[in-house]
1. If I filter the stretch 561-584 down to residues being in a loop (DSSP other than H, G, I, E, B) and β-branched (Val, Ile, Thr), which single residue comes out as surrounded by the most Cβ atoms within 10 Å (Cβ to Cβ)?
2. Say we look at the stretch 591-622 and pick out the residues that are at pLDDT 90 or above and hydroxyl-bearing (Ser, Thr, Tyr); which of these is farthest from the chain's Cα centre (by Cα)?
3. Go through the stretch 344-402 and count every residue that is outside any loop (DSSP other than H, G, I, E, B), out of contact with any strand residue (DSSP E or B) (no Cβ under 9 Å at 6 or more places or on another chain) and of a type in the set (A, V, I, L, M).
4. Find all pairs meeting these conditions: Cβ atoms under 7 angstrom apart; at least six residues apart or on different chains; first residue within the stretch 469-489 and at positive phi and surrounded by 15 or more Cβ atoms within 10 Å (Cβ to Cβ); second residue modelled with pLDDT of 90 or more and of a type in the set (Ser, Thr, Tyr).
5. With respect to the numbered conditions (1) touching a residue at least 60 places away in the same chain (Cβ under 8 Å); (2) under 26 Å from Arg650 (Cβ atoms); (3) of a type in the set (Gly, Ala, Ser), which one is the sole condition not fulfilled by Gly581?
6. Could you please find all residues in the stretch 399-415 being under 40 Å from the mean Cα position of the chain (by Cα) and surrounded by 10 or more Cβ atoms within 10 Å (Cβ to Cβ)?
7. Examine the stretch 179-193 for a residue that is under 24 Å from the mean Cα position of the chain (by Cα), within 26 Å of Ile306 (Cβ to Cβ) and surrounded by 16 or more Cβ atoms within 10 Å (Cβ to Cβ), and state whether such a residue exists.
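The values are calculated or read from the model by the stated rules, or taken from the named source; none is laboratory data. Bear in mind the structure is a predicted one, so any value in this text is a computation, not a measurement. Neighbour counts are summed over all protein chains in view; Cβ atoms, including those assigned to glycine, are modelled from backbone coordinates with ideal geometry.
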Amino acid sequence: NGHFFHYSVSLSYEDGRPVDGKGVGRKVIDRVHETYSSELAGKDFAYDGEKSLFTVGPLPSNKLEFTVVLEDVTSNRNNGNVSPDGHDSPNEHDRKRLRRPYQSKAFRVEISFAAKIPMQAIQNALRGQESENSQEALRVLDIILRQHAAKQGCLLVRQSFFHNDPNNFADIGGGVLGCRGFHSSFRSSQGGLSLNIDVSTTMIIRPGPVVDFLLANQNARDPDSIDWTKAKRVLKNLRIKVSPSNQEYKITGLSDQFCEDQMFSLKQKSAKSENGEAEVLEVTVYDYFVNHRNIQLRYSARMPCINVGKPKRPTYIPMELCSLVSLQRYTKALSTFQRASLVEKSRQKPQERMNVLSNALRKSNYGAEPMLRSCGVSISSNFTQVEGRVLPAPRLKVGNGEDFFPRNGRWNFNNKKLVEPTKIARWVVVNFSARCDVKSLVRDLIRCGEMKGLHIDPPFDVFEERNQNRRSPPVVRVEKMCEEMQSKLPGAPHFVLCLLPDRKNSDLYGPWKRKYLAEFGVVTQCMAPTRVNDQYLTNLLLKINAKLGGLNSMLAIEQTPSIPVVSKVPTIILGMDVSHGSPGQSDVPSIAAVVSSRQWPLISRYRASVRTQSPKVEMIDSLFKRVSDTEDEGIIRELLLDFYTSSGKRKPDQIIIFRLASFLMRHGIPSLWSL
């Protein structure tokens, strides 16, 4: 019957400037809790790191104001233009005036009442009575989880938490690590209030010497090969620790000149001019650290310096004294190789996954969180067990009317024929791989095709990539190959088999598909000719046959037909999804795809329609595209017309849609009723 009290938090510096640094807010609020516990009536609270704070029960007043001092906040905000530890800093008189450590800052904190949220709303949600209050109450519990993880030094990514444990790191190349953590959030379920926990992965910068990171990031052989323009972009805003002071700073840029050439003005305390002011000596950063600080530098002379100051008041540090701190997210787009490596190294068997989650739950120690205790929430250390059942696998029909059953969860098409094999004629082979025996591959492909009932003519031609093109960028390699094909072919081929040089991660894949499939509209199949055997070629032929309009198999129940609901009246089944660019690729268009069944009462026959749309937009904006009062060029009309012509000129009486995004069900589906 208690209440969460929601308070708005305002943080500012002494001069009134708002606090904008990430992570500072939590330190400030923690200091408020330590310093003013009695003024807060001993209340524990949950803080979201930004502008919201929650307590169980009210604070003594609806508006509270405090001033606190933090000693280590400005370690990444040094404003001097000399050395990071404050030696000969022009701000030295400020330190004397403030009479507190140079690295400290004072903050003003205002806490104002905003709203009251009944805890009863959670209980109501468990009874099926969802409300805005129930969602807010669950959000407070999630904020408590985030705060608890922050206290443990975790990297927070929404409701996913990542500990600084090297055992959770996996090198995926380019100076980037895959970091394994876990997602944790509260949910209302049939069994009551549940903690939803699962494995989560994010990408982080590899901690350690900055130079080592740059060498890995740029795949450079030695420091002389580093592109410093690229280095400046990738290093900006990353945090470093500097030896020997072990202080932490944020990188704001690189010096324009190398360390041995970069000059700055050094005030000489021991020497004063006629007017009594300290004399200024122009020295290089390298000379200052080696001769004035007695710090030996082995390789920094011919490198830019790290700048941790402001653009107009820089603070330069030799690069070899700087190390990247751990748990810094890498948000740029991954390369094809990095994505493949991340998938490979993130894979876990179910029991291993359970063990990881059990350890994460134990390490989290939620029982020690005072806010959860204040809410009356305790979390069991055991997973909830629910009743389940294994559904029987569907019976398939393959060629010659043969029944086909799975074995150990797999359908093996060896020694099976296809239901409706197509014929592959007027096709060509394009070879980007220097290690492939094309004649042997084509011979084995034709042989496997005959075993499946699929007739394959000899290829019209085989195009080998010229040696001088192999070191060109991927787009150029594809363009050169297309030019050669167009000069020798009498017309567009019906099908192209493309042999790629690498397994899973070839940079040629995207440009090739974009050119031949998207631009020319020619069906293509890519393959990496490594470890090719009959099983591999069989799987390849299943893809090729489906792409060329053939039918590999069908559900046995389709032949009756006796599929519940679907077989009674004409029914079209639609599947929709949107694929987005990788994190960091904010300008890459998203791809919307819709597949639909055809030739009712069959459902194994389907057609696909694909459109590009604005980046990161989950709503499919091309379902309907009215161009006049009587014409529509959207995906839905295209697929409905295909269903009509392929199903004996019958219109669907029922439409079944499969869609992952729940908000589309609220916003996008009602527009179908206008059909």
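1. Val566
2. Residue satisfying both the conditions and the ranking: Ser597.
3. 3
4. none
5. (2) is the only condition that Gly581 fails.
6. Matches in the stretch 399-415: Phe404, Phe405, Pro406, Trp411, Asn412, Phe413, Asn414.
7. yes
To keep it simple, each residue is scored yes or no on (1) in contact with a helix residue (DSSP H, G or I) (Cβ under 6 Å, 6 or more places away or on another chain); (2) in the same structural domain as Ile573 (by TED's automatic domain parsing); (3) in a loop (DSSP other than H, G, I, E, B).
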| residue | (1), (2), (3) |
| --- | --- |
| Val594 | yes, yes, no |
| Ser604 | no, yes, yes |
| Lys616 | no, yes, yes |
| Leu623 | yes, yes, yes |
| Ser628 | no, yes, yes |
| Tyr644 | no, yes, no |
| Lys649 | no, yes, yes |
